[in-house]
Amino acid sequence: MLAYITRRLVYGLVTLLALSMIVFMLLQLSGGGPLDRLRLNPRMQPVIQQLTEQWGLDQPIWKQYVTWLSHYVRPSEFSLHNALPIIAIGAAAAATVAIGKFMKAHWKGALILVVWIVAMYVTFTNLTIKFDWGTSFQGAGDVWDLVFSRVGATFRLGFTALFLALVIGIPLGIYQAIRQYSFFDQLGTTGAFIAFSTPIFIVGVGLQLIFALYFEKWTGVKLFYVAGMNSPGYSDMTFWQKLGDTLQHLVLPAVSIALISLAGYSRFQRASMLEVLHSDYLRTAKAKGLPRSRIIIKHALRNALIPVVTLISLDIAFMIGGAIITETIFGWPGVGRLYIAAIGTVDYPVIMAIVMIIGIGIVIMNVVADILYGVMDPRVRYE
Amino acid sequence: MSKGKFITDAEEPSESIALGESEGIAVEPITQWDLFWTRLRRHRLAMIASGVLVLLVLVVLAAPMMQSAGWIDSPVERLVDDGGRTLRNIAPRLNDGTINSLPPGGEPVDASATALLFGSDDLGRGVFTRVIYGGRASLTVGFVTGFIVALLGTIIGSIAGYYPGAVDQSLMRFTDLVLGLPLLPVAIVVGRILPEMSFLPSWIKQGPMGIALLLGFLSWGGLARIVRAEFLSLREKEFVEAARAAGASDRRIIFRHALPNAMSPIIVQTTLTVGIAIVIEAALSFLGFGVPPPTPTWGAMAAEGGRLAVRGFWWELFFSASALVITVLSINFLGDGLRDALDPTQTIERK
Amino acid sequence: MSEPLLVVDDLRTYFSTEEGIVRAVDGISFTMEPGQRLGVVGESGSGKSVTALSVMGLIEPPAGEIVTGRILFKGQNLLELDEDQMQEVRGGQIAMIFQDPMTALNPVYTIGDQLMETILLHQDVSRSEAREIAIQAIEDVQIPNASQRMMDYPHQYSGGMRQRIMIAMGLSCNPDLLIADEPTTALDVTTQAQIMDLMLQLAEDRGTAVMLITHDLGVVAGFCDDVHVMYAGGIVESGSIDDIYYNPQHPYTWGLLGSMTRLDDAQRKRLHSVRGAPPSVIDLPKGCRFRPRCDFATEICGEVLPALRDVGNPGQRAACHHAEELDLKSMTAGEETQEPAVSEGASS
């Protein structure tokens, strides 16, 4: 299994290298150099000089790429505040693997997952690390700081949407499968098809117009805000006001993302549940005399959730890149909107940094999806 | 869509009644094609969807003729003047004097009867005409991307699936690499710099073809994987073994035996790709990195219409968005119908 | 004579499909005594599996429905029980073993889990007692290292081993009736006999009656006391093994026997096959259902559906208008007719 994961990570690294090269070269193809816009501003002259030297912009493209890459992977700051808890967690992980032989697969899986999450949390709270991703050509400051100041907003939006989609979509799909061909099932299927076929920007703009703009115009009640993440006076609010304000900003963009992925989850869950419901082992469970509820919960769900769990990890992988359009529509201060702004001004370091974050996220979550699949399905063998 | 799936359902819970075998008493030669048609016709939504799509293609193809016949106007011609004062029509009296967006049915002097069926945008251009011409862009992107994906996916997938070992390995690594590229972010970068690539011919830089080529080259990976898997399983099948034993050449086996059997996933996947390409092109245009103006596209019209709708002028957004949703919905329904008709046993789609 | 274990009376189970109503089981009646070994033989689609599923209460509406009939199990009509009561019967008093052991076990739970689940469900025992019973059950089906193998997942077992587990599971609660639906069809030939022997031995030890569903008359001959031959949703002949084998009364039974290889046959003759294919159970022919394939059909066969009646030896019954006139046992199937045999019609 370790060999398998290592191999997947190596493939992932190759993909990331290719991705960075492709995007780097593409950016070079655009007319004019990266600093052309800065040149219009005479005060920027020293900055241009410094950037040209630092990034070797007067060098051939491949040299520029190597310069960029060596900066990108080099930590500019690194300090571990407290190594003890990390070592402790590491020992716990090792112990889990060691005693894993004597546990049932799903308990082992759950334990590994918990240890993994705790380890990540402890590591991140005890670690300061920073990479030299350069300075924005548009004068927006250090790229690492810039990008990571936006990640929280994107995750807030993304996980809210994912939560909504899962909480509604999965039970919906299960219910549709159990009541296959009922009116409700047909309704759900048609609804999912329509949601699936509606581009996200139409959903977003539609929700924004109706619930944020027209609703206020017609009723005079401010239900949701058109854009942004918080109102200006946010820091002075009481807890309940803060919560209300947050929701008033968050609901519409989250719902527009959730609507479409909800359709996907319900379809996927329905199909996977139907396959299980028609399986021989479910007939065995019925022939044993198990009550219907136990059959569904213990025998059907456990199997039907396996493919969905991998879908969730892939969804998390695309979270940063997936909110680009929604963030743009709702003026959400996340990574996606930063990306569009950087694209508009061809701000190389920012574009490269975000593309790479998206790529790294996909590689890691793909491996996580594989591991989860193996944990949930005892038949899976890693070669 | 329930009807088409019913067969599948009847087979599963009670396979012991073995409908298939008991039909054998009157064996009529039913070709696969007949079977496919019968099943597809039962899928009512897919039939409606194909009707809509045929109509759309006809209208879009006939757009220049309709324009020269005077039924619709030019997609970039202004029916309403900038200042809203003179020229050949009555400027609408709107509360915001700077905007010349006419509501549906508003009638300018001197233009064709259909000119303002869907109203006009803020530059005074007829939305009806622009929706039709926007369909040209969307369908071009959809079909060209679909064609590239079908071609590349089938060729690369079948070669990888037919020649195991080094060829398969290297092709699949390459496929994984392409699949690993995040589609929208990369497409945005290319869409942004495409018009600035001076070395490209203008039909790639300015029209929908550039976007179509871009999307095609980015999205064949999924189909290649499916075709490869299909070929791998076909390799083991008796009829391919038999053909090989009979001395058939590789090319003959691929084209006469393996490929026809891999046809249904290719058709279904390509149909779905057409829908996805149309959505992504619209998203790129919406963000401003798609087909450059003044060529009308549904995505760009939706973006522009959204800004107008804020001020209460809802029609450009409504009609462009409706056209987009109806088109994509039709393609997806058709894809669903094709899947049911081509492979009724398939109940779940993975990866 | 004691109360019969199972009485099936005029059972009709229909399925509705797009093409029409499928009369999978169309008016069958039979009785089983405690401890009896009954074979139910027929081609695919003859309704034998649907009969079993009807008894188990596993016919699921809306696709399938038991239209009429009574299924009396120990005097109680199973069709009148509610779902809770039926769950008590299923697995506890009537157990069932399915055809394909490769897919019949849930892949994500261990063998021990799945065995203990049945035991805990039907017996009032603690978890550790259930564990003991499960280990004993695995040992009974001759799988070595039982307590170790409890922790294995189904995919770690071979097909034959999994069918042994299914048998262990079926018998773990000492049911009164075990229904085995083609239990060895999916296994290779050497394993088949072992599994059959094991299953029947264990059933005999426990006094469990066995209903063995198969398309293979040979298997029935080796393991059963009595046989029902089913054709197109109805029983066409029933009797003891010897009656059926040496004194068949129905042309279909006779045809099936002719299509078997028999080691006790002195003369080596050509294998016969029943010509044609079974009728669609949607469009049943008028009159006798076997008529289109029967060599002896007359006018009446096209008019009246023959009822099952006593003919031949005592206790033997057949549904043929001409059972008395035909002296089937002295004829050899395959030599009577000149028509070339159609191969696919025989046992499937």
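The values are calculated or read from the model by the stated rules, or taken from the named source; none is laboratory data. Computed from a prediction, not measured in an experiment: that's the story for all the values here. Cβ placement follows ideal geometry from the backbone for every residue including glycine, while neighbour counts extend to all protein chains displayed.
Of all positions in segment C:66-77, at least one carries a residue that is farther than 25 Å from residue C:289 by Cβ and free of Cβ contacts under 8 Å to residues at least 40 places away in the same chain. Summed over segment A:273-284, the residues that are at the interface with chain C (Cβ under 7 Å from one of its Cβ atoms) and touching a helix residue (DSSP H, G or I) at 6+ places or on another chain (Cβ under 8 Å) give a count of 3. For segment C:22-48, taking the residues that are part of a strand (DSSP E or B) and more than 21 Å from residue C:79 (Cα to Cα), the one that is farthest from the other protein chains (Cβ to nearest Cβ) is identified as C:37. So is residue C:286 modelled with pLDDT under 75 and surrounded by fewer than 20 Cβ atoms within 10 Å (Cβ to Cβ) or not? Spelling it out, it is not the case that residue C:286 is modelled with pLDDT under 75 and surrounded by fewer than 20 Cβ atoms within 10 Å (Cβ to Cβ).
When residue A:294 is tested against (1) within 27 Å of residue A:188 (Cβ to Cβ); (2) crowded, with 19+ Cβ neighbours inside 10 Å; (3) more than 19 Å from the chain's Cα centre (by Cα), just one condition goes unmet, and that condition is (2).
Just one residue in the set C:67, C:41 is of a type outside the set (Ser, Thr, Tyr), outside the structural domain of residue C:255 (by TED's automatic domain parsing), over 19 Å from the mean Cα position of the chain (by Cα) and modelled with pLDDT of 85 or more; that residue is C:67.
Could you look through segment A:184-206, keep only residues that are crowded, with 18+ Cβ neighbours inside 10 Å and among the β-branched types (Val, Ile, Thr), and pick out the one that is nearest to residue A:325 (Cα to Cα)? Ranking the candidates gives A:200 first. None of A:219, A:189 is within 14 Å of chain B (Cβ to nearest Cβ) and either touching a residue at least 24 places away in the same chain (Cβ under 8 Å) or out of contact with any Asp or Glu (no Cβ under 7 Å at 6 or more places or on another chain) (or both) except A:189. Checking each residue in segment C:1-21 for being of a type in the set (Asp, Glu), under 23 Å from residue C:238 (Cβ atoms) and not in a strand (DSSP E or B) picks out only C:3. The set of residues from segment C:50-105 being within 11 Å of chain A (Cβ to nearest Cβ), more than 22 Å from residue C:215 (Cα to Cα), among the hydrophobic types (A, V, I, L, M, F, W, C) and assigned to a helix (DSSP H, G or I) comprises C:86, C:89. Do we find a residue being assigned to a loop (DSSP other than H, G, I, E, B), among the aliphatic types (A, V, I, L, M), more than 8 Å from chain A (Cβ to nearest Cβ) and surrounded by fewer than 24 Cβ atoms within 10 Å (Cβ to Cβ) anywhere in segment B:258-269? Checked against the condition, which is being assigned to a loop (DSSP other than H, G, I, E, B), among the aliphatic types (A, V, I, L, M), more than 8 Å from chain A (Cβ to nearest Cβ) and surrounded by fewer than 24 Cβ atoms within 10 Å (Cβ to Cβ), segment B:258-269 yields at least one hit. Evaluated against (1) within 24 Å of residue A:334 (Cβ to Cβ); (2) within 14 Å of chain C (Cβ to nearest Cβ), residue A:246 falls short on exactly one condition, (2). Pairs meeting the criteria (first residue in segment C:284-300 and away from every other protein chain (no Cβ under 14 Å), second residue small (Gly, Ala, Ser) and surrounded by fewer than 17 Cβ atoms within 10 Å (Cβ to Cβ), beta carbons under 8 Å, at least 6 apart or on different chains) are C:286/C:302; C:287/C:302; C:288/C:302. The residues on offer are C:141, C:108, and the sole one that is under 26 Å from residue A:375 (Cα atoms) and either facing another protein chain (nearest Cβ under 9 Å) or of a type in the set (Val, Ile, Thr) (or both) is C:108.
Residues are listed down the side, and each one gets a yes or a no for (1) touching a strand residue (DSSP E or B) at 6+ places or on another chain (Cβ under 8 Å); (2) under 21 Å from residue C:164 (Cα atoms):
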site	(1), (2)
C:54	yes, no
C:62	yes, no
C:95	yes, yes
C:98	yes, yes
C:103	no, yes
C:109	no, yes
C:121	no, yes
C:125	no, no
C:139	no, yes
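Can you name the residue in segment B:175-216 that is more than 22 Å from residue B:227 (Cα to Cα) and of a type in the set (Val, Ile, Thr) and is also nearest to the other protein chains (Cβ to nearest Cβ) among such residues? Filtering segment B:175-216 for residues that are more than 22 Å from residue B:227 (Cα to Cα) and of a type in the set (Val, Ile, Thr), the one nearest to the other protein chains (Cβ to nearest Cβ) comes out as B:193. So which of B:235, B:251 is out of contact with any Leu (no Cβ under 6 Å at 6 or more places or on another chain) and either without any contact (Cβ under 8 Å) to a residue 24 or more places away in the chain or of a type in the set (Phe, Trp, Tyr) (or both)? After ruling out the rest, the residue left standing is B:251.
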